[in-house]
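I have placed the structure first, in the form of structure tokens, so that the comments after it can refer back to it.
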Amino acid sequence: MSDKQQIKRNIEKALANENLRGALGRFGNDYVGARERAYTGKDFQELRDRIAAVKGDAAARMEELARRFTESAQARGAKVFRAGTAQDAKDYIKNLAQEKGATKIVKSKSMATEEIHLNEYLGRQGLDSVETDLGEWILQLCGQKPSHMVMPAIHMTRDEVADIFSKETTQELSADIPKLVGVARKQLRKKFLAADIGISGANIAVAETGTLVIVTNEGNARLTTTLPPVHVAVVGLEKLVDVFTGVKSIIEALPRSATGQKITSYITMITGPTPAAYPDGTVQEKELHIILLDNGRTEMQADPVFKEALQCIRCASCLNVCPVFQLLGGHVYGHIYTGGIGTILTAFFNGFQEAGELQNLCLGCERCKRFCPGKIDIPKLIRELRSRVVEKGGLPGGQKFVLEKVLPNRKLFHRLIKAGQLGQKPFQKGARIRHLPMFLAGLTEGRSLPVIADKAFRDQARNLSVPEGSSKESTPDSKEKVGFFAGCLTDFVYPQLGQAAYKVLKHLNREMVFPAGQTCCGVPAVLMGVRESAVQLAQQNIEAFEQAGVDAVVTCCPSCAQALKERYMELLETDPAWHERAKALAGKVQHVTAYVADKSGDGSSLRLKQTGGRVTYHDSCHMKGCLGITEEPRQLLAAAGLELAEMEGSDLCCGFGGSYSVKFPSISRQILDKKLHSMEAANAATVALDCPGCKLQISGGLDSRGKELPVKHTVEILAENL
Amino acid sequence: MTGWRREKCRSGYCTLWKCWLIPSLAPGRRGIVMDGNKLEQLFAKFKEQAEAISARVYRVHDSSAAGRQLKNIIKELNIKKIAAAKSELVSDCLKAIKSQDVVVHTSDLRQHSEDAELGLSEMDMAIAETGTLAQDSTALDQRLVSTLPPVHVALVRIDRQVDKFVDAVDYFNEQDLLPGYIAFISGPSRTADIERVLTIGVHGPEQLYIIFVDQAGGETCE
């Protein structure tokens, strides 16, 4: 079975697993609040700046710090081994066990040892290596893999655990959680007391002092590092920091971001060997072996883009806020490191090929980026991974043709869309497409699609710069000439958004122009990893708006706005002249709603009709997460006399994600279900939002469920109330 | 750092030789907070935070009152065997329970901690912001009594408080040599690995009692 088929099968399996979705969903909902409470009184932005500086600096000087750590730890009496590969690390531990005549090993949770599949290996060598973290032990007993970096057995129920423990202890145990925990305590205590070797990981390794820092809640790491006379710590090179005080920011953030705790029950800092009790009853210094593991990390460090991933502190907050992870859990990712950051780490620790399919699971909602305490631009790294995979392996035929040949050729692209407008006629019922031919079936699953407009906005816009009742010259108090960037959905599906923007801007005495040379913003090409096409589209759009000579550029679509504001500079980074032009454009771009709020004193100068009624507002991912716009639309809606009824999780993704909803319709649909549920619970007469993609997804979802709830762009509501 | 013992321990009460015997504990004889108001603020914050994570916090006047508090705990939990890691304050505290029907072990703790029902030790520092205790746990006994028994009773001198975790890091960082094993303890051991249900007491102590002592013979060092 190909990777792709395997992933699809895993997805269906995960989506059918109610336990998993229940547990992950509940956690996802609780997590954000708990995390926020834990950060009370802390400046998260300042903290993440410090972490990024500490970890970024350590990553840049990885080799130097590794040498320094080695010297410091050795000076304190530890033995340090540099393991280039997973096999080197495993061999070292095997040889050590043989040398010591050790057979019994206890392990506290360590992602690095999971990464190198240490347990399986030691098992094959006849060594009994027991996981002592409760979640890890449950999984070890039933032969499963962790589904989450911090909560490995989050996918299992108490009944399943009771069954597993009953088998292990050969007695009938009830599914009572405290009792089950008690059973684990009793069973594992025996293992701790009898162990010859304790193996741990480390959350931080300090080069200056040779110190290992271990952060836990259960206390198993304390026993692992206290009882056996030999302690082996397996530490990835990315765990190094320069000086001891560098641990501050990481420990301040790690428990808060991981589980919403201000601090974990235990934080242990080990510098050199300490006394331990030997089997003969004497108390002597123990043996401390530290394995510094490379296994792809120096390769990552040498990569100008991916080195950023070394700033990860393994808190897993990127998983906790990921709408896809919340549905699927970690098993779909097929590897130890799961979710967004896991996809990147997998590429380096297990190979790009294996990560190739996984990166497709990312919706591109960019929510993780806001939460990452290491300040890693995870979405950017996933896009980079995608484009490298595509550069190497190419795209499937159909996608390749569309993205490489059609999209950059504006005239051909637009001709094909218009042909599609005719082609859809047989499938059209009312104003929506309910069924499409087989090959596009995924598109209409759980959602009906709007039809492609009879007349694209670009065709309607020909007369805009000379609107009726106005002269071609700017009115005396007109300050700006505003270029309108439509984007594909506004242009071909929702031209009424362009009309609404025109009406509102005109009311503000702005002259709105539509440069006809504009085309797709390029986001689909970026997301699909076709960088070359994206660059061409960026250049076409920059040129079109330069020629139009506009003072400002507005768009109804936050994803387009973000592309114009940020992505183009990124795409054209290596070409100084183009980069300058991209920068000039970026400085002019605003989402239309923010522009209007800005120029109208939050709507007051629009003198809107006060219609009244309840409205609920959906924060689109790219609107809130990327552009940081949340207050402006709410103030404009209030200015129209509407009462705001907030829905729960207004900033949770609707599941659209552009082509994502075609690639993974079942995931997209379930994310949508959740959204619609909270939307309806808000009991409003209208849903307001600021993204044509979300409008398509949400109104389609409501329509296919027979719900009559109007879904409007803020600018439409404003235009109606002028 | 080296001169303080002689300069500050001028009163006849100070058992100077003990400081020298347990060098890693020596800094523990010196107060961190001396300002009374600040001390009260920190204690109030500590108590609130520690209790929020299931620890029980008490405050007593001196070591014999600490002993009476320990006695209550022993009685309440019906404790028969105690493993105690030696320190001056621990010894003073234990004097109060001598008559009690309980066996106290202060040596061979690897063996005795396994089935002791209560572990007793003195911690070096309390961090108000998070209700955390910190200790130089290099000595094996210190680790055994706070990891193996199901109940841990921790004694702390009231003037050994700091505000934030980062202050504790700075404190250890200022020492000439980092202790071999620094333990930070916040509440009892906990897990949420089964269905995310918070369960107290998995591998470490199920209960953590923290007794702050105002005059832990501390005035003798001033």
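The values are calculated or read from the model by the stated rules, or taken from the named source; none is laboratory data. On a predicted model such as this, the values are computed, not experimentally measured, just so you know. Glycine gets a Cβ as well: all are built from the backbone with ideal geometry, and neighbour counts include every protein chain shown. Protein only, heavy atoms only, side chains kept; ligands, DNA and RNA dropped before computing areas. Shrake-Rupley method; radii C 1.70, N 1.55, O 1.52, S 1.80 Å.
Could you please give the count of residues in segment B:104-140 that are closer than 20 Å to residue B:213 by Cβ and of a type outside the set (A, V, I, L, M, F, W, C)?
Adding up the residues that qualify gives 10.
Answer with yes or no whether residue A:212 is modelled with pLDDT of 95 or more, in a strand (DSSP E or B) and farther than 27 Å from residue A:10 by Cβ.
yes
Within segment A:240-288, how many residues turn out to be more than 30 Å from residue B:196 (Cα to Cα), under 38 Å from the mean Cα position of the chain (by Cα) and at pLDDT below 95?
0
At positive phi, free of Cβ contacts under 8 Å to residues at least 24 places away in the same chain and surrounded by fewer than 24 Cβ atoms within 10 Å (Cβ to Cβ), is that true of residue A:351?
The answer is yes for residue A:351.
With the structure loaded, tell me whether residue B:138 is among the β-branched types (Val, Ile, Thr) and out of contact with any strand residue (DSSP E or B) (no Cβ under 8 Å at 6 or more places or on another chain) or whether it fails that test.
The answer is no for residue B:138.
Considering only segment A:230-263, state which residues are open to solvent by 10 Å² or more (accessible area, probe 1.4 Å) and of a type in the set (Ser, Thr, Tyr).
The answer is A:245, A:259.
When you scan segment A:269-296, how many residues do you find that are out of contact with any Leu (no Cβ under 8 Å at 6 or more places or on another chain), open to solvent by less than 40 Å² (accessible area, probe 1.4 Å) and within 11 Å of chain B (Cβ to nearest Cβ)?
2
May I ask you to list the residues in segment B:129-141 that are more than 7 Å from every other protein chain (Cβ to nearest Cβ) and open to solvent by less than 10 Å² (accessible area, probe 1.4 Å)?
Across segment B:129-141, the qualifying residues are B:131, B:133, B:134, B:135, B:137.
For segment A:127-158, which residues satisfy the criterion of being more than 24 Å from residue A:341 (Cβ to Cβ) and of a type in the set (D, E, K, R)?
Residues satisfying the conditions are A:128, A:158.
For segment A:113-126, which residues satisfy the criterion of being at positive phi and either touching a Ser or Thr at 6+ places or on another chain (Cβ under 8 Å) or open to solvent by less than 40 Å² (accessible area, probe 1.4 Å) (or both)?
Correct list: A:126 only.
Yes/no matrix, rows are residues, columns are (1) under 30 Å from residue A:605 (Cα atoms); (2) open to solvent by less than 30 Å² (accessible area, probe 1.4 Å); (3) at pLDDT 90 or above:
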{"position": "A:641", "(1), (2), (3)": "yes, yes, yes"}
{"position": "A:644", "(1), (2), (3)": "yes, no, yes"}
{"position": "A:647", "(1), (2), (3)": "yes, yes, yes"}
{"position": "A:660", "(1), (2), (3)": "no, yes, no"}
{"position": "A:664", "(1), (2), (3)": "no, yes, no"}
{"position": "A:667", "(1), (2), (3)": "no, yes, no"}
{"position": "A:670", "(1), (2), (3)": "no, no, no"}
{"position": "A:676", "(1), (2), (3)": "no, yes, yes"}
{"position": "A:682", "(1), (2), (3)": "yes, yes, yes"}
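Please go through segment A:691-713 and give me each residue that is assigned to a loop (DSSP other than H, G, I, E, B) and touching a residue at least 12 places away in the same chain (Cβ under 8 Å), ordered by number.
Once the filter is applied, which keeps residues that are assigned to a loop (DSSP other than H, G, I, E, B) and touching a residue at least 12 places away in the same chain (Cβ under 8 Å), segment A:691-713 yields A:691, A:705, A:707, A:709, A:710.
Working only within segment A:466-491, note down all residues that are of a type in the set (Val, Ile, Thr) and modelled with pLDDT under 90.
Scanning segment A:466-491 gives A:466, A:475.
Yes or no, residue by residue, for (1) under 30 Å from residue A:648 (Cβ atoms); (2) not in a helix (DSSP H, G or I):
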position	(1), (2)
A:30	yes, no
A:33	yes, no
A:36	yes, no
A:40	yes, yes
A:59	no, no
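Give the residues of segment A:99-126 that are of a type outside the set (A, V, I, L, M, F, W, C), in contact with a strand residue (DSSP E or B) (Cβ under 7 Å, 6 or more places away or on another chain) and not in a loop (DSSP other than H, G, I, E, B), sorted by residue number.
Once the filter is applied, which keeps residues that are of a type outside the set (A, V, I, L, M, F, W, C), in contact with a strand residue (DSSP E or B) (Cβ under 7 Å, 6 or more places away or on another chain) and not in a loop (DSSP other than H, G, I, E, B), segment A:99-126 yields A:100, A:104, A:107, A:113, A:119, A:123.
If you go through segment A:74-112 one residue at a time, how many are among the polar types (S, T, N, Q) and open to solvent by less than 30 Å² (accessible area, probe 1.4 Å)?
So the answer is 2.
Residue under question is residue A:191, and the condition is that it be within 12 Å of chain B (Cβ to nearest Cβ), free of Cβ contacts under 8 Å to residues at least 12 places away in the same chain and either touching a strand residue (DSSP E or B) at 6+ places or on another chain (Cβ under 8 Å) or more than 30 Å from residue A:76 (Cβ to Cβ) (or both); does it hold?
Criteria not met by residue A:191.
Considering only residues that are open to solvent by less than 50 Å² (accessible area, probe 1.4 Å) and either part of a helix (DSSP H, G or I) or among the β-branched types (Val, Ile, Thr) (or both), look in segment B:108-120 and name the one that is nearest to the other protein chains (Cβ to nearest Cβ).
B:109
So in segment A:202-239, with the set limited to residues that are under 27 Å from the mean Cα position of the chain (by Cα) and among the polar types (S, T, N, Q), which one is nearest to the other protein chains (Cβ to nearest Cβ)?
A:217
Does segment A:158-165 contain at least one residue that is under 30 Å from residue B:111 (Cα atoms) and either in contact with a strand residue (DSSP E or B) (Cβ under 6 Å, 6 or more places away or on another chain) or at pLDDT 95 or above (or both)?
yes
Quickly run through segment A:373-412 and pick out the residues that are under 30 Å from residue A:51 (Cα atoms), in a loop (DSSP other than H, G, I, E, B) and either open to solvent by 20 Å² or more (accessible area, probe 1.4 Å) or in contact with a Lys or Arg (Cβ under 7 Å, 6 or more places away or on another chain) (or both).
Answer for segment A:373-412, where residues must be under 30 Å from residue A:51 (Cα atoms), in a loop (DSSP other than H, G, I, E, B) and either open to solvent by 20 Å² or more (accessible area, probe 1.4 Å) or in contact with a Lys or Arg (Cβ under 7 Å, 6 or more places away or on another chain) (or both): A:373, A:374, A:375, A:377.
Please go through segment A:250-282 and pick out each residue that is touching an Asp or Glu at 6+ places or on another chain (Cβ under 9 Å) and of a type outside the set (Lys, Arg).
Within segment A:250-282, A:260, A:263, A:265, A:266, A:272, A:273, A:274, A:275, A:276, A:279, A:281 meet the criteria.
Would you say residue A:49 is under 28 Å from residue A:263 (Cα atoms), open to solvent by 80 Å² or more (accessible area, probe 1.4 Å) and at pLDDT 95 or above?
Judged against the criteria, residue A:49 is not a match.
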